[in-house]
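**Student:** One structure, pasted below without further comment.
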Amino acid sequence: MVDFFEAFRTAVRLILDLDADLVEIVLLSLRVSLTALVPAVLIGMPLGAFVAIRAFPLRRVVVVFMSALMALPPVVVGLAVYVVLSRAGPLGNLGLLFTPTAMVIAQAILIAPIIASLTRQTVADLWEEYEEQLRSLGASRLGAIPTLLWEGRYRLVTTTLAGLGRAIAEVGAVIIVGGNIAHATRVMTTAIALETSKGDLVLAMGLGLVLIALSLFINAVAFWIQDLAQRVEA
Amino acid sequence: METPARTLLPIELEDVGYAVRKARPLVGVSGVFSQGPLTVVIGPNGAGKSVLLRLCHGLLEPSSGKIRLGLETREDRIRAQAMVFQRPVLLRRSAAANVDYALKLRGVSAADRPGRVRAALEAAGLGSVASRAARVLSGGEQQRLAIARAWALRPEVLFLDEPTASLDPQAVQHIEGLVRSIHRSGTKVIMTTHDLGQAKRLADEIWFLHRGRLVECAAAEEFFRSPATSEAQTFLEGKLLL
């Protein structure tokens, strides 16, 4: 266990000294996951809202399907994106495999269903409360979507943070499509997996601490926003 | 030659019924809401008062019978009316922004909106809370805001569904005053209540519903002096009407 404590101490030092490798990996993690969040939110939120308030054939099936996609296994998403982006794949000529862009695509696919599903629930609840009033005022169903998204803004921020938390902690998809290449596609989770298997616990633990701190931070912000919403908006 | 502006009124109901599955909250109602009297729809809980309002307002479609309105297009009909619900549904934004939202939906220009927002809030005695979040206002203020928002639309007909249920007497008085001034301004008010005292204070005309049927429809004074039906008598005596 001496080794363990020694490693832990060195890991903390890495963080405090802002070790160049560590900082680079953390920043790439944030960049990839935050970038993935953009398309996931832009597609997931309107889609979730649409499914929530628009009646169409097979809507129940779509809702169940969307919920099921929340539990997509990251390695399977990674594999699918790998196949599409690989040299022989349909988008192989873009040369995106083993780039941060490929990782962004994979994470966006992973978290878009989460955001769509949670948004659907939020908007469906709101629609139940607002439907008569909005119809009375003359709003169409489609026209009500922006209003409802804005009304649910606090919960939707939390939804977004849930997506970010899932993306940043995910390893299966990014290790397949990114390849964990040093200084190119190495993010926190893939580095931890690699360094641990190499037996180099110091960097792995340093990154693990940062990852846990980030997760705590994201959750704390989400909690704080909910709390704030309850106080100012009743 | 100039044609007179078309109006939504009179609203003519011909044998109107509404059914959901096995329940029939409204059965064979015929009558006319016309310009002029402040109409109060009364009756015990479950009499079909809210359903009647929702049918006239267009939120529900009658299962049988016909509702004839003066205006033809959906657009014109929506514009000519507004409704206030028992539980005010306010948006999570300021009081002023709630009124502004409704005006914007009706296509009132950005230049005209601030003035109309202010006028409506002041008429409802809410000028001082214009910038407060709507959902933190008191129950009475919230309902006044809902009424102000509806009134700002300058509807020809205003439906109010139990607007003072679960409010304290002072808030009720405030809202009744507001309803009176809306009526005086020329808007046709059609409201429901199960509070007989309120019906007496406000109504020019009474529609008395019981078990989904229109049992009596009369001038308020006459209705309260000498109700024509035994059901109305029982109800007015404060007995349980089963």
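**Student:** Please verify whether B:Glu141 is under 25 Å from B:Ala199 (Cα atoms), within 14 Å of chain A (Cβ to nearest Cβ) and open to solvent by 40 Å² or more (accessible area, probe 1.4 Å), treating the condition exactly as stated. Give the steps one after another, and end with the answer.
**Tutor:** Values: under 25 Å from B:Ala199 (Cα atoms): yes; within 14 Å of chain A (Cβ to nearest Cβ): yes; open to solvent by 40 Å² or more (accessible area, probe 1.4 Å): yes.
So B:Glu141 fits the description; yes.
Conditions (1) surrounded by fewer than 22 Cβ atoms within 10 Å (Cβ to Cβ); (2) out of contact with any helix residue (DSSP H, G or I) (no Cβ under 7 Å at 6 or more places or on another chain); (3) assigned to a strand (DSSP E or B); (4) among the acidic types (Asp, Glu), marked per residue:
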position	(1), (2), (3), (4)
B:Val29	no, no, yes, no
B:Asn45	yes, yes, no, no
B:Ser50	yes, yes, no, no
B:Leu59	yes, no, no, no
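**Student:** Output the residue which, of all residues in region B:196-242 that are under 21 Å from B:Phe33 (Cα atoms) and of a type in the set (Asp, Glu), is farthest from the chain's Cα centre (by Cα).
**Tutor:** B:Glu222
**Student:** Another question, then. Among the residues of region B:213-234, is there at least one that is of a type outside the set (Gly, Ala, Ser), over 19 Å from B:Asn45 (Cα atoms), in contact with a strand residue (DSSP E or B) (Cβ under 7 Å, 6 or more places away or on another chain) and away from chain A (no Cβ under 14 Å)?
**Tutor:** Within region B:213-234 (the criterion being of a type outside the set (Gly, Ala, Ser), over 19 Å from B:Asn45 (Cα atoms), in contact with a strand residue (DSSP E or B) (Cβ under 7 Å, 6 or more places away or on another chain) and away from chain A (no Cβ under 14 Å)), the answer is yes, since at least one residue qualifies.
**Student:** Working only within region A:84-127, note down all residues that are farther than 17 Å from A:Leu42 by Cβ, basic (Lys, Arg) and buried (at least 19 other Cβ atoms within 10 Å of the Cβ).
**Tutor:** none
**Student:** I want to confirm something. Restricting to region B:120-134 and keeping residues that are open to solvent by 60 Å² or more (accessible area, probe 1.4 Å) and in contact (Cβ under 8 Å) with a residue 12 or more places away in the chain, which single residue is farthest from the other protein chains (Cβ to nearest Cβ)? Break it down stepwise before answering.
**Tutor:** Filtering region B:120-134 down to residues open to solvent by 60 Å² or more (accessible area, probe 1.4 Å) leaves B:122, B:128, B:131-132.
Now drop any that are not in contact (Cβ under 8 Å) with a residue 12 or more places away in the chain, which leaves B:131-132.
Values: B:Ser131: 13, B:Arg132: 10 Å.
Checked region B:120-134; the qualifying residue farthest from the other protein chains (Cβ to nearest Cβ) is B:Ser131.
**Student:** Can I ask one more? Conditions: (1) within 30 Å of B:Val84 (Cβ to Cβ); (2) away from chain B (no Cβ under 14 Å); (3) aliphatic (A, V, I, L, M). A:Leu156 meets all but one. Number of the miss?
**Tutor:** The failed condition is (2).
**Student:** When the residues of region B:210-237 are narrowed to those that are outside any loop (DSSP other than H, G, I, E, B) and among the charged types (D, E, K, R), which ends up most open to solvent (accessible area, probe 1.4 Å)?
**Tutor:** Among those residues, the one meeting the criterion is B:Arg225.
**Student:** Just to be sure before I move on: is A:Ala124 modelled with pLDDT of 95 or more and either farther than 30 Å from A:Val84 by Cβ or within 14 Å of chain B (Cβ to nearest Cβ) (or both) in the structure I sent? Lay out the reasoning, then the answer.
**Tutor:** On the way: modelled with pLDDT of 95 or more: yes; either farther than 30 Å from A:Val84 by Cβ or within 14 Å of chain B (Cβ to nearest Cβ) (or both): yes.
Yes; evaluated as a whole, the condition is true for this residue.
**Student:** Right, something else. Only one of B:Ala165, B:Ala133, B:Ala150, B:Ala146 is of a type in the set (Gly, Ala, Ser) and over 15 Å from the mean Cα position of the chain (by Cα); which? Break it down stepwise before answering.
**Tutor:** Numbers: B:Ala165 fails: over 15 Å from the mean Cα position of the chain (by Cα); B:Ala150 fails: over 15 Å from the mean Cα position of the chain (by Cα); B:Ala146 fails: over 15 Å from the mean Cα position of the chain (by Cα).
Exactly one residue qualifies, and that residue is B:Ala133.
**Student:** A further question follows. Return yes or no: is B:Pro25 modelled with pLDDT under 95, within 14 Å of chain A (Cβ to nearest Cβ) and either open to solvent by less than 40 Å² (accessible area, probe 1.4 Å) or not in a loop (DSSP other than H, G, I, E, B) (or both)? Lay out the reasoning, then the answer.
**Tutor:** Numbers: modelled with pLDDT under 95: yes; within 14 Å of chain A (Cβ to nearest Cβ): no; either open to solvent by less than 40 Å² (accessible area, probe 1.4 Å) or not in a loop (DSSP other than H, G, I, E, B) (or both): yes.
Judged against the criteria, B:Pro25 is not a match.
**Student:** Could I ask something else about it? Do we have any residue at all in region A:69-82 that's assigned to a helix (DSSP H, G or I) and touching a Lys or Arg at 6+ places or on another chain (Cβ under 7 Å)?
**Tutor:** Of region A:69-82, the ones assigned to a helix (DSSP H, G or I) are A:69, A:74-82.
Among the residues that remain, those that are also touching a Lys or Arg at 6+ places or on another chain (Cβ under 7 Å) are: none.
Among the residues of region A:69-82, not one is assigned to a helix (DSSP H, G or I) and touching a Lys or Arg at 6+ places or on another chain (Cβ under 7 Å), which makes the answer no.
**Student:** Moving on. Suppose we filter A:Leu216, A:Leu161 for residues that are out of contact with any Ser or Thr (no Cβ under 9 Å at 6 or more places or on another chain), open to solvent by 50 Å² or more (accessible area, probe 1.4 Å), modelled with pLDDT of 90 or more and not polar (S, T, N, Q); which single one remains?
**Tutor:** Working: A:Leu161 fails: open to solvent by 50 Å² or more (accessible area, probe 1.4 Å).
Just one listed residue meets the conditions, A:Leu216.
**Student:** Scan region B:37-47 and give yes if some residue there is touching a Pro at 6+ places or on another chain (Cβ under 7 Å) and within 28 Å of B:Arg184 (Cβ to Cβ), otherwise no. I'd like the intermediate steps shown before the answer.
**Tutor:** Step one: of region B:37-47, the residues touching a Pro at 6+ places or on another chain (Cβ under 7 Å) are none.
Scanning region B:37-47 turns up no residue that is touching a Pro at 6+ places or on another chain (Cβ under 7 Å) and within 28 Å of B:Arg184 (Cβ to Cβ).
**Student:** May I pose another question? Anything in region A:132-152 that is within 32 Å of the chain's Cα centre (by Cα), at the interface with chain B (Cβ under 9 Å from one of its Cβ atoms) and surrounded by 15 or more Cβ atoms within 10 Å (Cβ to Cβ)? List them, or say none.
**Tutor:** Result: A:Thr147, A:Glu151, A:Gly152.
**Student:** Would you check which residues across region A:39-58 are open to solvent by less than 80 Å² (accessible area, probe 1.4 Å) and within 25 Å of the chain's Cα centre (by Cα) and list them?
**Tutor:** Scanning region A:39-58 gives A:Pro39, A:Ala40, A:Val41, A:Gly44, A:Met45, A:Pro46, A:Gly48, A:Ala49, A:Phe50, A:Val51, A:Ala52, A:Ile53.
**Student:** Could you grab me the full set of residues in region B:63-108 that are in contact with a Pro (Cβ under 9 Å, 6 or more places away or on another chain), within 10 Å of chain A (Cβ to nearest Cβ) and of a type in the set (Lys, Arg)?
**Tutor:** B:Arg79
**Student:** From the list B:Ala82, B:Ala102, exactly one residue is modelled with pLDDT of 95 or more, within 30 Å of B:Arg118 (Cβ to Cβ) and in a strand (DSSP E or B). Which is it? Show your work before the answer.
**Tutor:** Details: B:Ala102 fails: in a strand (DSSP E or B).
Being modelled with pLDDT of 95 or more, within 30 Å of B:Arg118 (Cβ to Cβ) and in a strand (DSSP E or B) holds for just one of B:Ala82, B:Ala102, which is B:Ala82.
**Student:** I'm checking my understanding of the structure. Among residues of region A:195-213 that are hydrophobic (A, V, I, L, M, F, W, C) and surrounded by fewer than 17 Cβ atoms within 10 Å (Cβ to Cβ), which one is farthest from B:Asn98 (Cα to Cα)?
**Tutor:** Among those residues, the one meeting the criterion is A:Leu209.
**Student:** Separate question: Out of (1) buried (at least 16 other Cβ atoms within 10 Å of the Cβ); (2) within 14 Å of another protein chain (Cβ to nearest Cβ); (3) modelled with pLDDT under 95, what's the single condition that is false for A:Met66?
**Tutor:** Going through the list (1) buried (at least 16 other Cβ atoms within 10 Å of the Cβ); (2) within 14 Å of another protein chain (Cβ to nearest Cβ); (3) modelled with pLDDT under 95, A:Met66 breaks only (2).
**Student:** Return only the number of the condition from (1) more than 26 Å from B:Ser185 (Cβ to Cβ); (2) open to solvent by 50 Å² or more (accessible area, probe 1.4 Å) that B:Asp76 does not satisfy.
**Tutor:** (1) is the only condition that B:Asp76 fails.
The values are calculated or read from the model by the stated rules, or taken from the named source; none is laboratory data. Keep in mind that this is a model prediction, so the values were computed, not measured. Glycine also receives a Cβ, built like all others from the backbone with ideal geometry; neighbour counts cover every protein chain displayed. Ligands, DNA and RNA are stripped out before the accessible areas are found, and what is left, the full protein with its side chains, is counted by its heavy atoms. Shrake-Rupley method; radii C 1.70, N 1.55, O 1.52, S 1.80 Å.
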